There are 2 protein chains.
Amino acid sequence: MTGTAVSRRETRRGRRGAQDWVATSPQISSRIPERQIPVYDLISNDGVELIHEASMRLLEEQGIEFRDPVALDTWRQAGAEVDLATSNVKIDRNLLLELVARAPSDYVHNARNPERSVRIGGRSMGFAPIYGSPYVRDLEGQRRYARLEDFENFVRLAYMVPSLNISGGTVCEPTDVPVAKRHLDMLYGHIRLSDKPFMGGVTHASRAEDCLEMCRILFGADFVQDNTVMTSLTNCNSPLVWDETMLSVIRVYAASKQACIISPFIMQGANTPITTAGAFSQLNAEALAGVAYAQLVRAGAPVIYGATLSTVSMKSGAPMYGTSETQVLTFLTGQMARRYKLPMRTGGMRHGAKALDVQAGFESLQTMLPAILAGGNFFLHSAGWMESGLSASFAKFMLDVEQLSILQRLTQGISLTPADFAADAIAEVGPGGHFLGCQHTIDRYQTAFFVPRTSDVNTYEQWHEEGAKDSAVLATELAARSLAEYAPPPLDEAKDEALRDFMRRRKSELPDGIE
Amino acid sequence: MTGTAVSRRETRRGRRGAQDWVATSPQISSRIPERQIPVYDLISNDGVELIHEASMRLLEEQGIEFRDPVALDTWRQAGAEVDLATSNVKIDRNLLLELVARAPSDYVHNARNPERSVRIGGRSMGFAPIYGSPYVRDLEGQRRYARLEDFENFVRLAYMVPSLNISGGTVCEPTDVPVAKRHLDMLYGHIRLSDKPFMGGVTHASRAEDCLEMCRILFGADFVQDNTVMTSLTNCNSPLVWDETMLSVIRVYAASKQACIISPFIMQGANTPITTAGAFSQLNAEALAGVAYAQLVRAGAPVIYGATLSTVSMKSGAPMYGTSETQVLTFLTGQMARRYKLPMRTGGMRHGAKALDVQAGFESLQTMLPAILAGGNFFLHSAGWMESGLSASFAKFMLDVEQLSILQRLTQGISLTPADFAADAIAEVGPGGHFLGCQHTIDRYQTAFFVPRTSDVNTYEQWHEEGAKDSAVLATELAARSLAEYAPPPLDEAKDEALRDFMRRRKSELPDGIE
């Protein structure tokens, strides 16, 4: 088992192996290593085929709506049974599966710093922060509308932590910037303040075009036409509606070989059947229809299969996270993604708590740990999620990224070399002894274990003397300390100037109001 | 997927499927259903055999100490290589495996109410609360030494919640009762206040005898001689020492076919090699040697294979929970338990936090969720664990039992009948609709989802208006409410009188001080 980037870089202060070294400040990641452990298959292959069959029949017999004339025309030409009056499209399984098979099973999401490019698919994993929150919980613990400054601070933090290898998209909504212009500021923030891969705007096709144009400036137009530099989030309006906004955005991105996450938006029991099999067969039909459409736009366009998952309380109507139903849906998503040879979107440190309490921790892990074992490839909402996604929290962000490091270490499994078995150390120490001073330990103690910087591992008495800080306090302090230490990665000045020129021009053309 | 006992019993108040019903107060469990989902194997069979080989060589070449003359004599007679001067016992793998094979792969832990008896092993699972805390966090949130009253309240709560099917042992240490007498009060508390299975005393052979005697009064002497009515916790003093106290307790219990959990006490890096393979090969050797010894006492005596797991911070020396290392050890414990056909001890909602914060939630789930997927059979410390086990918390207890219900539902997997696929409901609702009012939902909404009583699923505004209670507050209120509703199960008066007579006699014979 190898140490993470953080622990490898920790300063060696002594040779005795215990109390005398101190972790250095946060470090930018080297690559997140590929998953070395097996995936967890919840159901049998027969079960997988039952689900597949249910989804195929749904698409063949009932159909799905593509509420967009361009898409309907494309489906008609491709041979699907299209009803223009209702926007309904019935897709034969042979056509569907032939299209799905065109999608790559993995792809490289290129970063402007090639060292930070991330492969998505197979054993490779990308972790992106929370997406889309209108509110923040700031460093003073206040809940308020998010501002561009908050967005930029989240980008800075994501850049600095080793357990996030994707900068994200709309981490929070900068409500102090006009709706029609904020996609420009957000993309520029990802480009300027980080050199990790980022996600593009999806709220309008013209905004997706703007994001593409900025990427052409950054990467070169030729490169962008045939290489993925954005992975963007497109949602199905479940049940069974792909709308014009999403489809037009998929067209812009897929045509330029930019990746789309094709994500049904599942609130089990409300916009899906209450039963998990029913919910999944619908989800699967919706996702596959979207994947297939992207392939009609451009064969080989990278797509990610998955869904946004919650269960709806039949008591209050509220979304719930980390339920046994979302766990089952998560494992099924992995199994079906592998059946269709598609990268899998999943995960998220998601919860419904309004406070940084035990509920927040429980639900986040009930969501994220199954996603890891399910074989996820793209983990959205991996850090910062608060109160059903309405708020992005700086404290939760730091709590999550530290916990992610544990999960990422879990994916490395166990090393079983003769030295790992430590037979000589066991003989040297002998019954009743301790291993703290033996050479086998001294050789390894600096990288052996990961201690989250947001966790307290002192005694009760020490903890109490030091102010009885709970993990939210530790995390808030860590966020503030990290931001104080932030330094931006270098960016070519000519490109920076060109990007800013483009933004100035577009901003002058776009309206100022709330759309 | 079926509902839990709790949700099945919830009162039907309306037919429209959403806001108009209310969960009833806590209910005693029907049985916890058997695991229906596959276990997660982290390593290959080749890896399993590498670990097995390392442990066999350790026991054959280096040996393990049995610091107890009776045990040494028994090992000598069995054919092991015994060094009386050092207490070292070298055990040939043929002898060891022949003994291990005598242990049953599962057994029934009988409760005084046969409806509450629990099978341990295979797909069956027993969940017991925290064990051994000297402190409590009480209902006023104070941290103080535990009293008998606290112990009894935990027993009452464990009796009332459906997700615990074992009453536990030394849930917390009643420090207001003399050390030499408290085992009597604790066993009586389990017997009188609950009718779920319980654990016996292990701090001295004579105390184990007392527990046995009380069980003979309760169940009848003949029954107890051949049926398991206690499962008790015996720890190896890692590394590689079984001491006289534990061995003499194993002798008392195993001779009477009472079950022992044979548990190395693992603090990885301190009392084991720092490497996970080294730690596990030692753990495995220690556990198997203990299992084998129990079989020398009585062939077929029920034993549980497993360990207490923590990782030691190389920075502070403190134990850590929910690390990637303990997760790997947990999965390995499951795989090796299956290799040796033994029930598996694991689990626990264990953490190092001093506050009921996100750290507490994270670490508890990082520990418990892998234990569930690893195929655990006996889950100790399933509820109430606080600050590395030093405190038993009433609030954490309620938080944990609610979360356990989610994990227990996860073990039921997914139902894939035609009705579950809900094709008619999907057709009825159609694209863009919602499922809340359809017949398929109405038929199922009352049992469909589990909402933890300690979680808030309201909006931020509602939550704020209702006092901004975090989950610890909700849990404390739930604990108090539950205790107010407690009613004891019936107990035969003659047996009760006989039990109290025995306790009076024994208390008059035993010393009053602190041992």
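A few remarks follow.
- Taking other C-beta atoms within 10 angstrom as a stand-in for reagent exposure, A:357, A:222, A:210, B:176 fall in the order A:222, B:176, A:210, A:357, fewest first.
- The spread of Cα positions in the protein assembly as shown, taken along each principal axis and listed from longest to shortest, comes to 93, 67, 52 Å.
- Annotation for residue A:487, label-to-label distances across the other copies: 7.1 nm (shortest first, one decimal, point 7 Å from Cα along Cα→Cβ).
- Inter-copy label distances at residue B:223 (7 Å, Cα→Cβ; nm, one decimal): 7.7
- With neighbour counts taken as other beta-carbon atoms within 10 Å, the residues B:438, B:260 rank, fewest first, as B:438, B:260.
- Inter-copy spacing of residue A:466 label points, which lie 7 Å from Cα along Cα→Cβ, given in nm from shortest upward: 3.6
- Taken residue by residue and averaged, Cβ atoms of other chains lying within 10 Å of the Cβ of B:54-62 number 2.
- Based on DSSP H segments of at least four residues, each scored -39500 (n - 2.57), the protein assembly as shown has a per-residue ellipticity at 222 nm of -13000 deg cm²/dmol.
- Reach of residue B:495 by Cα under 27 Å, taken over lysines that are not fewer than 8 positions away in the same chain: B:181, B:196, B:257, B:507
- For residue A:126, residues with placed amide H under 5 Å, excluding near neighbours: A:378, A:379
- Mean separation of Cα contacts under 8 Å (6+ apart) over length of region B:323-435, as relative contact order %: 23
- Charge tally in the Cβ shell below 10 Å around residue A:263, where Lys, Arg are +1 and Asp, Glu are -1, residue A:263 excluded: 0
- Applied to region B:308-320, the Karplus parametrisation 6.51 cos²θ - 1.76 cosθ + 1.60 on θ = phi - 60° returns per-residue 3J(HN,Hα) values of 8, 10, 8, 10, 9, 4, 6, 8, 10, x, 7, x, 10 Hz, with x for Gly and Pro.
- Model label zone, residue B:81; criterion: amide N under 17 Å from point 7 Å along Cα-to-beta-carbon; scope region B:227-271: none
- Our coupling estimate for region A:63-75, obtained by passing each phi through the Karplus curve with A = 6.51, B = -1.76, C = 1.60 and θ = phi - 60°, is x, 9, 8, 10, 7, 6, x, 5, 5, 4, 5, 5, 4 Hz, Gly and Pro reported as x.
- Rotational relation A to B, axis-closest Cβ in chain A, residue and distance rounded to whole Å: A:361, 1
- The residues neighbouring residue A:167, those whose beta-carbon lies less than 13 Å from its own, together hold a net charge of +3 under the Lys/Arg +1, Asp/Glu -1 convention.
- Reachable lysines from residue B:354, criterion Cα separation under 29 angstrom, eight or more residues apart if same chain: A:354, A:396, A:469, B:315, B:396, B:469
- Simple label model, 7 Å out from Cα along Cβ direction - residue A:512 to residue A:468, nm: 5.1
- When A:379, A:265, A:397 are arranged by Cβ crowding within 10 Å, least crowded first, meaning fewest neighbours, the order is A:265, A:379, A:397.
- The Rg/Rh ratio for chain B is 0.99, where Rg is the radius of gyration of the alpha carbons and Rh is the Kirkwood radius.
- Candidates A:367, A:252, A:352 compared by Cα position along the dipole of chain A: farthest toward the positive end lies A:252, with charges placed on Cβ.
- A Cβ-based charge dipole, computed about the Cα centre of region A:299-378 with Lys and Arg at +1 and Asp and Glu at -1, lands at about 260 debye.
- All other residues whose Cβ lies under 14 angstrom from that of residue A:231 are scored, Lys and Arg at +1 and Asp and Glu at -1, for a net of +4.
- Derived scalar couplings ³J(HN,Hα) [region A:108-117; Karplus, 6.51 cos²θ - 1.76 cosθ + 1.60; whole Hz; x for Gly, Pro]: 9, 8, 6, 9, 5, 9, x, 4, 9, 4
Every read-out reported here was derived from the displayed coordinates using simple, explicitly stated rules and does not represent laboratory data. Note that the structure is a prediction, hence the values are computed from the model and not measured. Note that each Cβ is placed from the backbone with ideal geometry, even for glycine, and that neighbours are counted across all protein chains shown.
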